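One structure is given here, and the rest of the page talks about it.
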Amino acid sequence: MEQQKKGQWGNQFGFLMAAVGSAVGLGNLWAFPYKMGKNGGFAFLFIYIIIVVFVGIIITITELSIGRKTGKGVVGAYKALGKKYAPIGWFGVISPFLIMSFYMMLGGYTLKYMIANLGDIFNASWGYQGAGMETAEYFQAFFSNQLETVIYTAVFVLLTAAIVRGGVSEGIEKFSKIAMPALFFMLVAVIIRSVTLPGASEGLKFVFQPNFEVFKGSGWVNVFAAAGGQAFFSLSLGMGIMVTYGSYLKKEEDLKLNSIVIPVADTIIAVMAGMAIMPAVFAGGLEPAAGPGLLFVTLQTVFSSMGAGGPLFGFVMYFLVFIAAITSSISLLETVVSVVVDLKLEKAKTFNKKKITFWCTAAILAEAIFVSLDGLGSHGFPQIFGQSTWLDSMDLVSEGVLMPLSALLTAIICGWLLPDFVTEEVELNGKFTWKKFYMFCIRFIVPPVMLLVLLGQLDSFFKLGIFG
């Protein structure tokens, strides 16, 4: 009996939309604009672009090549490199599994705010204005309401599972081909409205005006670490996604082109997010704040002060954020599902992806509910690793340690131990014209940058004072 096929992308556009959708997530829409503004504006963007070129593109083409050459999910792919490398593959499945515990919760938050603003459009009592509270109070009342947060989290998890359950081409690809162009055009509409608000110019200055004061002394190290961390996590590197998506690529697909388009598109959308969010924040006379506070308190304050058009603007914005969140969450879930499919194929020639998706979803739903019940630390749950919330604890293990460690070890393997593994796969699509550049970066640039990112993450989580 012929072995069952895992699936393939229908065409290059569908793959690119899915891959860019994976990279474009919540971090693009709140972390990037804030970090850019606080770390030198355009000077930060300049360093960010350099890191994308010398690290982001290099790791992207490496992971896509590993996936396509082996045709397996992240665990099987690294095992194919050599049995001793299999633990790195497990880093790539544990990371997305833990990330989904809080990412699904935050995705549920975007659903809540979509509905709240929709209610305001129709003057429904379940909208934000009908609640009669300040934005900070409204947000706190929501995330501390365990039943409500669990419901929205569960809905977001089930929506994600429904897309993944449809398969690679009929589920993920079909959805991404609609969702990503829609996200782009909605973002353009939001930018037009945002930059035309009175006082919006201050927001554009916050994001784009070069501030070289931040480079004085050891400040450049902080900026470099911030840009490196943002670029790395924004591109979904070190978490098995690009390996998984690469395993569905046809041999005729050009890895060189794909590895450039994905980081470039992600960077463009991140900059566009800054143009959409920060002018509105400054037009409202508010200070930007990182994390959920920017998205669910500061921005909602702006929408609530815009009069009759505010709820509509708010609904579109949170719908945009929802799309960014769910295109990332489906890639996270698919990474886990793909590993289980591989394990099934090792024992038999057939698998039931819908059944596998069901059980993976059940496990993820359980952990996401647990993190939701913590209410961002508001319910006195016992915390671990010295963090104040379960979100931070999960984030520490996944994004703080496993992801940069995985990328660091991958660079060492593909740069020094198996130097021909990636280049041979890339050359299936023609001459690898920038092979020397690739080998130089994977050997001498990526490892120290990944080590810096790893130290930066540990410094951020544990306040070690490594970078002052």
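Listed values, structure above:
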read-out: Highest average packing first - 67-73, 185-191, Cβ atoms within 10 Å; value: 67-73, 185-191
read-out: Unit charges on C-beta of K, R, D, E only; dipole of the range 301-419, Debye; value: 600
read-out: Counted charge near MET100, where neighbours are those whose Cβ lies closer than 13 Å (Asp, Glu -1; Lys, Arg +1); value: -4
read-out: Among 203-213, 427-437, 240-250, the order from most to least packed when residues are scored by Cβ within 10 Å on average; value: 240-250, 203-213, 427-437
read-out: Partner lysines for LYS251 [C-alpha distance under 17 Å; skip if fewer than 8 residues away on the same chain]; value: LYS5, LYS6, LYS69, LYS72, LYS431
read-out: Shape category assigned to the range 142-198 from the gyration tensor of Cα positions, a/c cut at 1.5; value: oblate
read-out: Global geometry of the range 192-246, whether rounded, prolate or oblate, following the gyration tensor of its Cα atoms and the 1.5 cut on a/c; value: oblate
read-out: Normalised contact order of the range 325-467, rounded percent, pairs of Cα under 8 Å and 6 or more residues apart; value: 19
read-out: Using alpha carbons only: equivalent-ellipsoid semi-axes of the range 275-397, gyration tensor based, whole Å; value: 37, 21, 12
read-out: Note, ³J(HN,Hα) from phi for the range 451-458, Karplus 6.51, -1.76, 1.60, rounded to Hz, x at Gly and Pro; value: 5, 5, 4, 4, 5, x, 5, 5
read-out: Cα centroid separation, the range 41-79 to the range 381-418 (Å); value: 16
read-out: Expected 222 nm ellipticity per residue - DSSP helices of 4 or more, -39500 (n - 2.57), all of the chain, to 500; value: -21500 deg cm²/dmol
read-out: The chain - percent of accessible surface contributed by carbon and sulfur, probe 1.4 Å; value: 67
read-out: Cα extents of the chain along the three principal axes, largest first (Å); value: 62, 54, 43
read-out: Accessible area in square angstrom per residue, the chain, 1.4 angstrom probe; value: 38
read-out: All aspartates and glutamates inside 15 Å of LYS355 as judged from Cα atoms, apart from same-chain residues fewer than 8 positions distant; value: GLU334, ASP342
read-out: Normalised contact order of the chain, rounded percent, pairs of Cα under 8 Å and 6 or more residues apart; value: 33
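The values are calculated or read from the model by the stated rules, or taken from the named source; none is laboratory data. Remember, predicted model here, so these are calculated numbers, not experimental data. A quick note on method: Cβ atoms are made from the backbone with ideal geometry, for glycine too, and the neighbour counts reach across all protein chains shown. Ligands, DNA and RNA are excluded from the accessible area calculation, which covers all protein heavy atoms including side chains. Shrake-Rupley method; radii C 1.70, N 1.55, O 1.52, S 1.80 Å.
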